[in-house]
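The values are calculated or read from the model by the stated rules, or taken from the named source; none is laboratory data. What you are looking at is a predicted structure, and each value in this text was computed from that prediction instead of being measured. Cβ placement follows ideal geometry from the backbone for every residue including glycine, while neighbour counts extend to all protein chains displayed.
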Amino acid sequence: MSDVVVSAAWLADRLEEVHVVDVRDAWEYDGIGHIPGAVNVPFETFRSEDDGEAGMLPGAEAFAELLGDVGIGTDDDIVAYDDMHGVFAARLLVTAELYGHDAEKLHLLDGDYSAWSLEHPVSETTPPTEPADYEVSFRTDGPLVGIEFVEAAIDDPDTVIVDTREEWEYEEGHIPGAVRLDWRELVDDDTRGLHSESEIRRLLEERDITPEKRVLLYCNTARRISHTYTVLRHLGYPNLAFYEGSLTEWEAEGGELETDV
């Protein structure tokens with residue numbers, strides 16, 4: 001596997017080499033503590049329903065200001081974490097990728113803050129930072145796709161459409177032919193990190209989500225898509241895409257839904 005998802009030990013050996021980003025709320029970062037050297041970029045600051053180019057993106061200018069203000073440059077390695085198994089942190093990484101950050105320099109901490117704090121020191125000191133130049137450009141050729149792409153994928157035997165919502169949501173209506181994969185199935189509640197590679201691959205193969213196919217993800221929350229997308233990147237899946245429009249939008253554009261009720 002790659003180092004898209006990295007262990008606490010991996011990070012502990014590289015704290016001076018990477019930029020660690022805590023996406024929890026400011027009160028958690030300040031009051032509970034954080035990984036030494038981590039800067040705070042709260043989840044709500046890099047998402048928007050109206051200001052971005054597509055989906056829940058915050059807009060290129062806003063994102064560049066956020067990261068530049070905490071000292072992160074365009075070519076820096078980033079390790080992101082939260083305290084919710086990585087589902088919020090993954091969204092920061094996907095956002096950075098969509099704005100042109102080299103995907104090979106984007107890493108998700110396996111586990112979360114609670115898991116880190118069990119074995120490693122934490123800090124309550126905000127590190128000094130110097131503003132950096134963070135240049136962005138929204139990738140029109142990136143993995144974020146529109147309705148037309150989804151419509152074409154429905155009848156494509158080489159594409160598997162994956163619904164990352166909960167079971168009741170899926171049963172009420174889903175894109176025709178979609179299989180369901182709840183992102184939490186990939187996470188071990190005891191360790192707070194990912195299940196073993198063999199277990200995750202078994203879960204994926206049961207649903208015919210294989211590296212040989214193009215995988216198209218969708219959900220009604222960007223963070224759940226982002227976590228599954230990040231795990232699939234970590235496993236080396238070469239052809240990934242995701243749709244962030246709501247199913248309400250899908251139906252408004254003439255798309256049909258299947259139901260299991």
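Just need a number here: residues in region 230-246 that are over 11 Å from LEU144 (Cα atoms) and either outside the structural domain of LEU194 (by TED's automatic domain parsing) or crowded, with 20+ Cβ neighbours inside 10 Å (or both). Let's see the steps before the verdict.
First, pick out the residues of region 230-246 that are over 11 Å from LEU144 (Cα atoms): 230-239, 246.
After this cut, where a residue has to be either outside the structural domain of LEU194 (by TED's automatic domain parsing) or crowded, with 20+ Cβ neighbours inside 10 Å (or both) as well, the list is 230-234.
The number of residues fulfilling the criteria is 5.
For region 63-97, what are the residues that are assigned to a helix (DSSP H, G or I), of a type outside the set (Phe, Trp, Tyr) and closer than 24 Å to LEU194 by Cα?
Selection gives VAL87, ALA89, ALA90, ARG91, LEU92, LEU93, VAL94, THR95, ALA96, GLU97.
State all residues of region 66-99 that are more than 26 Å from ILE32 (Cα to Cα) and among the acidic types (Asp, Glu); if no residue qualifies, say none.
ASP75, ASP76, GLU97
Of the residues that make up region 51-58, is at least one surrounded by fewer than 19 Cβ atoms within 10 Å (Cβ to Cβ), over 23 Å from ARG192 (Cβ atoms) and touching a Phe, Trp or Tyr at 6+ places or on another chain (Cβ under 9 Å)?
Within region 51-58 (the criterion being surrounded by fewer than 19 Cβ atoms within 10 Å (Cβ to Cβ), over 23 Å from ARG192 (Cβ atoms) and touching a Phe, Trp or Tyr at 6+ places or on another chain (Cβ under 9 Å)), the answer is yes, since at least one residue qualifies.
Considering only region 134-154, how many residues are over 26 Å from GLU212 (Cβ atoms) and free of Cβ contacts under 8 Å to residues at least 60 places away in the same chain?
If we filter region 134-154 for residues that are over 26 Å from GLU212 (Cβ atoms), which is where we start, we get 134-138, 140.
Within this subset, residues satisfying the condition of being free of Cβ contacts under 8 Å to residues at least 60 places away in the same chain are 140.
Selection size over region 134-154: 1.
Could you tell me which of the residues PRO127, PRO157, PRO131 is outside the structural domain of VAL87 (by TED's automatic domain parsing) and without any contact (Cβ under 8 Å) to a residue 60 or more places away in the chain?
On the way: PRO127 fails: without any contact (Cβ under 8 Å) to a residue 60 or more places away in the chain; PRO131 fails: without any contact (Cβ under 8 Å) to a residue 60 or more places away in the chain.
So the residue among PRO127, PRO157, PRO131 that is outside the structural domain of VAL87 (by TED's automatic domain parsing) and without any contact (Cβ under 8 Å) to a residue 60 or more places away in the chain is PRO157.
Could we say that PHE63 is aromatic (Phe, Trp, Tyr) and farther than 30 Å from ARG201 by Cβ here?
Yes, satisfied.
Of all residues in region 5-32, which are buried (at least 20 other Cβ atoms within 10 Å of the Cβ) and assigned to a loop (DSSP other than H, G, I, E, B)?
Scanning region 5-32 gives VAL23, ARG24.
Is it the case that region 247-254 has a residue that's assigned to a loop (DSSP other than H, G, I, E, B), surrounded by fewer than 17 Cβ atoms within 10 Å (Cβ to Cβ) and in contact (Cβ under 8 Å) with a residue 60 or more places away in the chain? Talk me through it step by step, then tell me what you get.
Going residue by residue through region 247-254, those that are assigned to a loop (DSSP other than H, G, I, E, B) are 253-254.
Retained after the next criterion (residues that are surrounded by fewer than 17 Cβ atoms within 10 Å (Cβ to Cβ)): 253-254.
Still in the list and also in contact (Cβ under 8 Å) with a residue 60 or more places away in the chain: 253.
The answer is yes, given that some residue of region 247-254 is assigned to a loop (DSSP other than H, G, I, E, B), surrounded by fewer than 17 Cβ atoms within 10 Å (Cβ to Cβ) and in contact (Cβ under 8 Å) with a residue 60 or more places away in the chain.
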